[in-house]
Structure formats: structure tokens, C-alpha cells
Amino acid sequence: MELATPPHKSLRVLFVDDEASLQEFMRLELPRLGHDVTVCPNGRTALQVMQKSTFDAAILDLRMPDMTGIEVLEHLKQVSPDTEAVVMTGYASKETAIEALRLGAFDYITKPCKISDIEGILLRILEKRKLKNTNLALQTRVQNAEGPSLLIGNSSAMAAVHRLIATIAPTDAPVMIFGETGTGKELVARTIFQQSKRTDMPFVPVNCGALAQSLVESELFGHRKGAFTGADRDHKGLFEVANGGTLFLDELGELNKNIQVKLLRFLESGELRRLGDTEPFRSNVRVICATNRDLSKMIAADEFREDLLYRLNTFEITLPSLRERKTDIPDLARHLLSRSAKRPIDQIADLLTNDAIEVMFDHEWPGNVRELANAMEYAYIVAGGGPITAAHLPQTVRLRKARLAPTTTTASPMPSSSSSAPTILPMNPGIGGSRTLHDIEMEHILRVLEKNSHNKPLTAKELGISLKTLYNKLNKWEEEHRSAG
């Protein structure tokens, strides 16, 4: 999609004046400055235009035969309060300036005026809008300050995700994120945003599944006053709120076919149309989408548009489940515990005991990282801020460990052939006395290896590590036991 002119350089301007020469002058000069302009010869025409379109700025002549600029200004502030108004008059007086400013005008200028005077005012309007967008972006970050801010994980599965994010973040291409519920799809979207060129503009997340079906179109694309019952004023849609920044559409599969068509139109043309508007407008938004649903099955069932999927997944990221990257659990758990405790991670590093980590390795985590976050918050509260043992974890996490029968293993040299099944080495708590995190990790690796009938590629995939890493860990464990024996 070809991007529109960057929002910090372009305004949609309404110019209202009864002088024909000035109308023609503005038709030529404002586009030369990079702005879109709609010219009206009188106030009543301007009122009709305002019912159909919205503007960033309006330049209004105060003295016109049918309506005064003050009357047009009053109406403008009723239907579009965010539009910045500038009044022009050849009869400058302190009283008219005060009246215009009292009604919400941004500024006023006197005739005859130079194009440089108008350009200077429009630049100030641009700066005000940029500041407003920056504040919105900061508010978004503050509102999510307690949420996870780092994409944690060094497993091979997550390393691939990190590499892909680094590649696609600097572009403006659409991104499609797939993954089970709770895997961190919004966090990936935020990470892409934070590494993009749009970080000083808004990041607007939308849970499509949480929007009322009757209001989805209005929430996303906006509406004009009177567009439907209850629409008593103009409403900016989230695509317009996110102008210049990034819009994250979570649970994309919940959008109906009608909204899918409008989304496809935006991706193809960069144009939007508010409910009740006859004229489209452009918005410069990067779209990132996510879903936990199988869109190919939805396409086969005629529930999702195939052409929309092609437009959206220019880049595709599939997040692994937590059970597919269990080697990330210790680092993730400490990070989430730090968030629950509202303390730096180095202050809580020793709170998580090895037996608690062992139980977490054995759990399958159907709720993924979200479930782990809840477990850490629960455990921190139950432990009273002290060391967290297995007993402090939620019962749902401990149940699987309680059902596991103890396994007996015998020692034997590990064959070098990858196709042979190695005999599992015994887990001795005693190479250094108490069992370490390394011991617990190896117990888990060896259990998965045995479950997979010693198929190393399958084991590496389930663990979320590379085959080379698996061999290195197994070889190191064998050497440790030989030296200890």
C-alpha cells in the first residue's frame, strides 16, 4: 500500500471566503504547501460541506453576505470540535478577535494577508496536533506500564521470532500474528511498534471480540452526527485516532464480512469513510493483526475473506506455545514475578526455589504465558513475599506433578549415534549437594527425550531449542556424571 503524505506535514483545510480571487489563490497555494483544501464561496455552502466531510483546520472570513464567520465558527465547533479554526477579517478590532477566540478559534489574521502568514499558522496547528498525538502515545505507554514490556525468551523458537521482528519492524508493511490465547500476541505487536519509525505516534490496541457488533463500524471508522439513532455528535474512529501510528487489531477473526470489506479497502487505498459521510479521507496507519483462530478453515467456511488474508500477512509471525519453549520458563517466571512484586528482578531472583521451577517444568501450561503470569502473582501473594516453593503454586499447576509416577533410570555411556536411544543417566542431587536449576532442567530434558522414544529432533522441537543445543546439553551432562563418578 502506498502511504499517504505523513500526517505531520499535511492538513485537511476548509477555506471559506466570498472573494473569487482569494478562493482561486488558496486552491493553488495550499496544495503547494502540502495541504488538501476544500474551498467554499459562502457560509451556507460551508455548512453543507461540514455535514459530509471533516477537516483539521478551517480558515473563515468574518464578513460574508449570507452568514458571518462567527456563525460558521459556532456551527463548526458543534459538529467538529477538534477542527482548529482561523478567522480572517479586513476589519480588525480587538472585539472581533476576542469573540472568535472565546468561541474556540485557534487564531485570527487580518486582510490583506500573506501566504507566509497563513503558512505560519498552519504550522502551529500541525505542531499542536503532533503534541496531542505524542501525548496520546505517552498515555498509551503509561496505561500499559504494568504490563509486560519485554519479549522474554532465548529458546530457538523465540530466537526466530526476535529475528523476524527486527527485520519487519522498520518497515510499514502489515503484519499477521498467529498463536494460542495467552502466548503474548499483543506484546509482539508492541515490540514491533517500539522498534518501528512510528514510536512517537499512537499505538492503539483494539480487541475486536470485545466490540459490540452493532458498534464495530462506528468504533473503527467513526461516524458523523445523525448517522444513526444516538449519534448526537461527530465521533472519531480508531483508525483516525491512530493516524500516523499503529493500529493493533486483536482477535481479527471476530470481524464480520462487512467490516472485512472496509478493512480491505483501507489496506488497498489508504482511504476511510465515516458512517454518514459521503466523502472518504486518508489516514496513515500501520495495521498489525492477530488471531488464535484458523483463518484457512474460516475461509473454507466462507467466514473470512481470502483476499483480506493475502493483504494482511505480508509478514507472518507464529508464536510458539509455552509448552513448546519450556526452557524459557525460569527467565519468564522471574520477569513476571518481578512485575507482580513491583521490584527489580535482581531483588527477587532468589525468591523462586528450584522445587517450584521443577513443578513448573512438568506443567503443560494450556493458558500459556498468561497462565504463568497469574501463577506468579498467586504464588507471590500466598508466599507473603518470601521464597516461593512448589506448595505456593496454584493447585492446577501442582496437580500434574502429583500425578506423575517416579521413574527409575540406569546409568550407561551415551552412544554417539543420533539414531540410537541413549540410556538415561541418573539424576543425582549430589554433584554439589542440593539440586540446582541445571539439574532440574536436565531432568525435564531427559524426561521429554524418554517420552519421545529418544528421538532427538522431535525432543529438540518440543523443548523449543535447536538440535545442536540439545546435543551440547546431553554431552555436558554425561561429562559431569563421568567426572563425578
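The values are calculated or read from the model by the stated rules, or taken from the named source; none is laboratory data. What you are looking at is a predicted structure, and each value in this text was computed from that prediction instead of being measured. Reconstructed Cβ throughout: ideal geometry from the backbone, glycine too, with neighbour counts over all protein chains shown.
Couple of notes before you dig in:
- Hits in the range 436-455 - residues which are more than 18 Å from GLU364 (Cβ to Cβ) and either in contact with a helix residue (DSSP H, G or I) (Cβ under 6 Å, 6 or more places away or on another chain) or exposed (fewer than 15 other Cβ atoms within 10 Å of the Cβ) (or both): THR436, LEU437, MET442, SER453
- Conditions (1) at pLDDT 50 or above; (2) loosely packed, with under 12 Cβ neighbours inside 10 Å; (3) not aromatic (Phe, Trp, Tyr): number failed by SER420: (1)
- Unique match (being part of a helix (DSSP H, G or I), within 23 Å of the chain's Cα centre (by Cα) and of a type in the set (Asp, Glu)) among GLU371, GLU316, GLU358, GLU377: GLU371
- Long-range neighbours under 7 Å by Cβ, at least six apart or interchain, first residue farther than 21 Å from PHE106 by Cα within the range 38-62, second surrounded by fewer than 22 Cβ atoms within 10 Å (Cβ to Cβ) and of a type outside the set (Lys, Arg): PRO41/ASP18; PRO41/GLN23; ARG44/ASP66; ARG44/MET67; LYS52/ASP277; LYS52/THR278; LYS52/GLU279
- Boolean, ASN258 is among the polar types (S, T, N, Q), in contact (Cβ under 8 Å) with a residue 40 or more places away in the chain, part of a helix (DSSP H, G or I) and not assigned by TED's automatic domain parsing to the domain that holds ASP56: yes
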